[in-house]
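Working notes, structure below.
The values are calculated or read from the model by the stated rules, or taken from the named source; none is laboratory data. Since the model is a prediction, treat every value here as computed from it, not as a measurement. Note that we place each Cβ from the backbone using ideal geometry, even for glycine, and neighbour counts take in every protein chain shown.
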Amino acid sequence: MKDNAALVLFSGGQDSTACLAWALDRFERVETVGFDYGQRHRVELECRQTVRDAIAATFPTWATKLGEDHLLPLDVLKGISDTALTGEGEIAFQENGLPNTFVPGRNLLFFTFAAAIAYRRGMKHLVGGMCETDYSGYPDCRDDTLKALQVALTLGMDTRLVIHTPLMWIDKAETWRLTERLGGAPLVEITRDLTHSCYLGDRTKVHDWGHGCGSCPACALRAEGWRRYRAG
């Protein structure tokens, strides 16, 4: 397995864009993988190539490292789940305390399929934008979950795989700051203008922090992070 190559779980959103920049800053070869799982905010998939192209055009050194993109159909997730992220229901909290945007098993499947690609392409490192700070409480975003998954994937593939989560212990304001440290104002602008976070898939409304409905949990987190980032 190549120790200098990474595969980034890349949705076209703010967090995965920060992770892509983080990987490009550290590894010699970086590829991306996205998943079409019938998500309500499928517009994020349309943002992926736009963001990749903008990063390559703006950062020539990174462009030489940025490799192939993989887009996998995982619409089976929509078929076996009943969530506000894969349907048209109103976003709300459930009796178990989790929001109904939680898609059970989503990140577990994402990393499993990513590991299969990484294995085939000889890549040791997997990078994801999960965090356990200002997040929605999804159990498959937790550090313990992903550490356990790393062990399982390494055993199951019989090769050393490393899961990196550079955003795990930072909040959205710090994610904006990390973006600025990695790529300066140009990367902040790419993230603000071209990435997508809104759960409702709304890109008709423009705010100082980017596009979105402005009221869903994803928009609220992004907006508050931007406010605190700009406040210093």
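Summary of values
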read-out: Some residue of region 161-183 being at pLDDT 95 or above, outside any helix (DSSP H, G or I), in contact with a helix residue (DSSP H, G or I) (Cβ under 9 Å, 6 or more places away or on another chain) and at positive phi; value: no
read-out: The lone exception for Leu167 - which of (1) under 23 Å from Met1 (Cβ atoms); (2) crowded, with 19+ Cβ neighbours inside 10 Å it fails; value: (1)
read-out: Residue under evaluation Asp140, criteria (1) among the charged types (D, E, K, R); (2) modelled with pLDDT under 95; (3) farther than 25 Å from Val43 by Cβ, criterion not met; value: (3)
read-out: Leu146 being at pLDDT 95 or above and either farther than 21 Å from Leu71 by Cβ or assigned to a helix (DSSP H, G or I) (or both); value: yes
read-out: Residue in region 185-203 that is over 17 Å from Leu109 (Cβ atoms), small (Gly, Ala, Ser), surrounded by 19 or more Cβ atoms within 10 Å (Cβ to Cβ) and over 15 Å from the mean Cα position of the chain (by Cα) present; value: no
read-out: Unique match (being more than 16 Å from Arg106 (Cα to Cα), of a type in the set (Ser, Thr, Tyr) and within 14 Å of the chain's Cα centre (by Cα)) among Thr175, Thr159, Thr154; value: Thr175
read-out: Where a residue in region 55-66 is assigned to a helix (DSSP H, G or I) and its partner, wherever it lies, is of a type in the set (Val, Ile, Thr) and surrounded by 19 or more Cβ atoms within 10 Å (Cβ to Cβ), with Cβ under 9 Å and at least six apart; value: Ile55/Thr17; Ile55/Ile190; Thr58/Ile190; Trp62/Val30; Trp62/Ile55; Ala63/Ile55; Lys65/Val30
read-out: Pairs with Cβ under 7 Å, 6+ apart, first in region 153-167 and without any contact (Cβ under 8 Å) to a residue 60 or more places away in the chain and farther than 14 Å from Val8 by Cβ, second among the basic types (Lys, Arg) and not in a strand (DSSP E or B); value: Thr154/Arg160
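Residues are listed down the side, and each one gets a yes or a no for (1) touching a Gly at 6+ places or on another chain (Cβ under 7 Å); (2) under 15 Å from Ile190 (Cβ atoms):
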| site | (1), (2) |
| --- | --- |
| Met1 | yes, no |
| Asn4 | no, no |
| Leu7 | no, no |
| Ala21 | yes, yes |
| Asp25 | no, yes |
| Glu28 | no, no |
| Arg40 | yes, no |
| Trp62 | no, yes |
| Gly79 | no, no |
